[in-house]
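First comes the structure, then the notes that go with it.
The values are calculated or read from the model by the stated rules, or taken from the named source; none is laboratory data. For clarity, every value in this text was computed on a predicted model and none was experimentally measured. FYI the Cβ positions are ideal-geometry reconstructions off the backbone, even for glycines, and counts take in every protein chain you see. For the accessible areas, the whole protein counts, side chains as well, though only heavy atoms, and no ligand, DNA or RNA atoms are used. Shrake-Rupley method; radii C 1.70, N 1.55, O 1.52, S 1.80 Å.
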Amino acid sequence: MTNPLKALGAFILVGTFAALYFVTGATLTIQADGQTRVVRTHAATVGGALHEAGLPVYSADIVQPPLAAKIADLPAPLISIDRASGVRLTADGQTRTVRTQLTSPLAILGSLGLNVGPQDEIWADGARVDVTQPAGLLPPAQIELRRARAVAVMDAGAAAQIVTAARTVG
């Protein structure tokens, strides 16, 4: 008779802990990547809840409420992530991918500390950028910064020096 009582006691104990675990968790709605999902968490902060949910957060993403906000203090059980776009950038002989909320190629380059000279050219998604025109609503997928260089040209025996960002002569 002792074994069934021990089993019943263990069952009640496990059930009690499971019920307490379930009752103490928070249910949150997360909006990210065009999807809405509902999750349960025991995390103390928004960042912890996103980590538990397997959602990476990049430094340029905008998270509301902030990552450090305490789950218990949230006015509503809603977390949203406005993802930064990935932009493939080629400049000064290097190619890298950066994440940004900016849409202007000139502003993106400036945010990375890349100064654009008056004769340099910016190319975005295969087209030359006119920096006097407003940026689009979305950032380009690719940006190339072509630096202007001084080039000596010989034409019919006459030497001339020009500054150009063109890739080829002609």
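Would you mind counting up the charge near Ser85? Only other residues with Cβ under 13 Å from its Cβ, with Lys and Arg at +1 and Asp and Glu at -1. Charge balance in the 13 Å sphere: -1.
Among Ala150, Ala124, Ala160, the largest mean-square fluctuation in a Gaussian network model of the chain, built with springs joining Cα atoms closer than 10 Å, belongs to Ala160.
If I model the stretch 116-163 as equal point scatterers sitting on the Cα atoms and use the Debye formula, what is log10 I(q)/I(0) at q = 0.16, 0.24, 0.32, 0.33 Å⁻¹? For the stretch 116-163 at q = 0.16, 0.24, 0.32, 0.33 Å⁻¹, log10 I(q)/I(0) is -0.58, -0.89, -1.20, -1.23. For Asp61, neighbours were defined as the other residues whose beta-carbon sits under 14 Å from its Cβ, and their charges (Lys and Arg +1, Asp and Glu -1) total 0.
Neighbours of Ala148, meaning other residues whose beta-carbon lies under 15 angstrom from its beta-carbon, give a summed charge of +1 when Lys and Arg score +1 and Asp and Glu score -1.
If the chain were replaced by its equivalent ellipsoid, with semi-axes equal to the square roots of 5 times the Cα gyration tensor eigenvalues, what would those be, largest first, whole Å?
Its equivalent ellipsoid spans semi-axes of 60, 16, 11 Å.
Surface exposure of the chain, expressed per residue as accessible area with a 1.4 Å probe, stands at 67 Å². Sequentially through the stretch 118-133, phi angles give Karplus couplings (6.51, -1.76, 1.60; θ = phi - 60°) of x, 10, 5, 10, 10, 10, 10, 6, x, 10, 5, 8, 8, 5, 7, 8 Hz, Gly and Pro residues having no value and appearing as x. When peptides 66-73, 99-106 are sorted by average Cβ neighbour count within 10 Å, with the highest value leading, the order is 99-106, 66-73.
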